[in-house]
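Every number in this text was worked out from the coordinates using simple rules, so none of it is lab data. This is a predicted model, so every value here is computed, not measured. Quick reminder, even Gly has a Cβ in these numbers, built from the backbone with ideal geometry, and neighbours come from all protein chains shown.
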Amino acid sequence: MMTLSPAPRAAAPLPGTGVAPGAATESAVAEVAPQRTPEEAAAEARLIRATLDGDMRAYEEIIRTHNRRVYNFIYQMTRQHQDAEDLAQQTFIKAYHNLARFEPHRPLVNWLITIARNTALNHFRGAKKWDEIPYDAAGTEPSPARAAETRDQSDTIWDRARVILSPREFEIMWLRFAEELSTEETAKVVGLTQTHVKVLVFRARQALQKGVERS
Amino acid sequence: MNTSPSSTRPALSCQLARTWHALFGGDRASASGHIARCSACQEHFAREDAFSLGLGRDARRVHATPRAGFEQSIFNAVQRSARIAPVPTVSPFARFSFVSLTATAACAAIAFVALRDSDVGPATPRTADGDLATAAVTALETSAAKLFAQVEPRADALLQKDPVRTQVDAFSADARTAVRFLALNFLPSTPVASGTGSGD
């Protein structure tokens with residue numbers, strides 16, 4: 001039976017992992033690790049204030065700092081370079097005109113990713129290239145054809161994730177483990193509760209790990 | 001009890017511990033009573049950590065980079081957009097203050113009443129104090145309403161849809177009460193022949 005008790009004494013790490021069993025590592029992506037240091041947060045706040053005061057060079061610095069990450073996020077969701085460029089550009093334009101509404105306690109890049117996500121969804125909703133798939137209870141077992149495709153094409157875990165997971169699960173996993181957003185920030189970006197995000201991560205990781213181990 | 005998770009379904013206690021951690025997060029030590037004893041769970045969490053590290057590492061491998069000049073093209077687009085619509089820094093609602101509007105209305109009403117009183121010649125018979133005060137309050141309410149509507153007609157229309165209207169109404173009521181008090185106590189009056197009048 002599971003019981004609550006003080007932390008166990010330090011044990012030798014498992015072979016090949018460097019991770020001590022039961023260690024309080026949370027996960028490789030620390031749940032509470034800050035995305036930015038206090039100095040970075042202060043510098044970011046200065047740039048935002050300067051932009052709101054009319055200094056375009058400050059916003060140019062913001063663009064220079066975050067454009068690749070925003071572009072990459074959109075590209076990972078759409079797999080289209082041209083679309084990613086256009087949507088990233090729209091993202092920064094929207095962010096510029098709504099900068100006064102930004103909540104300064106959040107990292108700016110998370111807000112940019114939120115705008116990028118919403119911009120991309122609105123763009124593709126008409127083209128049906130990236131449909132918002134509602135959370136459902138569908139099984140996570142890949143079909144034999146999909147499993148074969150996985151074996152043939154997959155080079156990285158993310159290539160396999162794109163095949164195995166639904167678009168929503170892929171997005172959640174990308175935000176958590178590639179963008180390294182916390183559960184709270186991920187929930188804010190996608191507009192779900194933290195519990196919902198945790199459930200999606202739990203199921204997606206199980207499905208992905210099983211798919212990777214199988215191949 | 002604890003078997004290899006890759007070949008058989010994990011024990012119920014293992015499933016509980018792993019699900020607990022996944023959904024409620026926190027220190028794995030909170031389920032340490034089980035984890036400390038269960039080698040299968042220890043291996044599971046170790047594999048989970050390694051998998052998470054692998055996800056991060058592979059994310060860097062598939063990271064897409066934009067073309068050269070992309071950054072400048074974004075900035076040019078933002079500049080073009082900024083020329084059309086500069087960044088708004090002040091909320092439209094900050095252009096008028098409810099308190100200042102109400103105070104302005106009250107001052108205007110007092111001035112109106114004072115001027116009206118000064119226009120009355122000595123030969124004109126005055127009404128009783130109460131009648132004059134009533135007339136002053138009526139004039140205040142009329143002029144305040146007119147002033148409020150004239151100063152910011154859009155504001156009134158906006159306020160009708162805005163829950164803050166109740167606060168504005170409260171300010172207005174307070175101002176009316178204050179002016180009524182002033183009118184009753186400080187307006188000049190003359191003795192009345194009948195000695196009757198309705199105060200307010």
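In what order do A:Leu112, B:Leu16 fall by count of nearby beta-carbon atoms within 10 Å, going from fewest to most? Ranking A:Leu112, B:Leu16 by Cβ neighbours within 10 Å, fewest first, gives B:Leu16, A:Leu112. Summary of packing: across the peptides B:48-57, A:45-54, A:156-165, the per-residue average of other C-beta atoms within 10 Å ranks them, highest first, as A:156-165, B:48-57, A:45-54.
Across peptide A:92-99, the mean count of Cβ atoms from other chains lying within 10 Å of each residue's own Cβ comes to 5.
Within 10 Å of the Cβ of each residue in A:114-123, the mean number of Cβ atoms contributed by other protein chains is 0.
What is the mean number of Cβ atoms from other protein chains located within 10 Å of the Cβ atom of each residue in peptide B:15-23, rounded to a whole number? Working shown, then result.
On the way: counts 0, 2, 1, 2, 2, 1, 3, 8, 6.
Shielding by partners across B:15-23 averages 3.
Starting with the fewest neighbours, write out B:Phe45, A:Phe124 ranked by other beta-carbon atoms found within 10 Å of each beta-carbon. All intermediate terms of the calculation are to be shown ahead of the outcome.
On the way: B:Phe45 27, A:Phe124 18.
The fewest-first ordering by Cβ neighbours comes to A:Phe124, B:Phe45.
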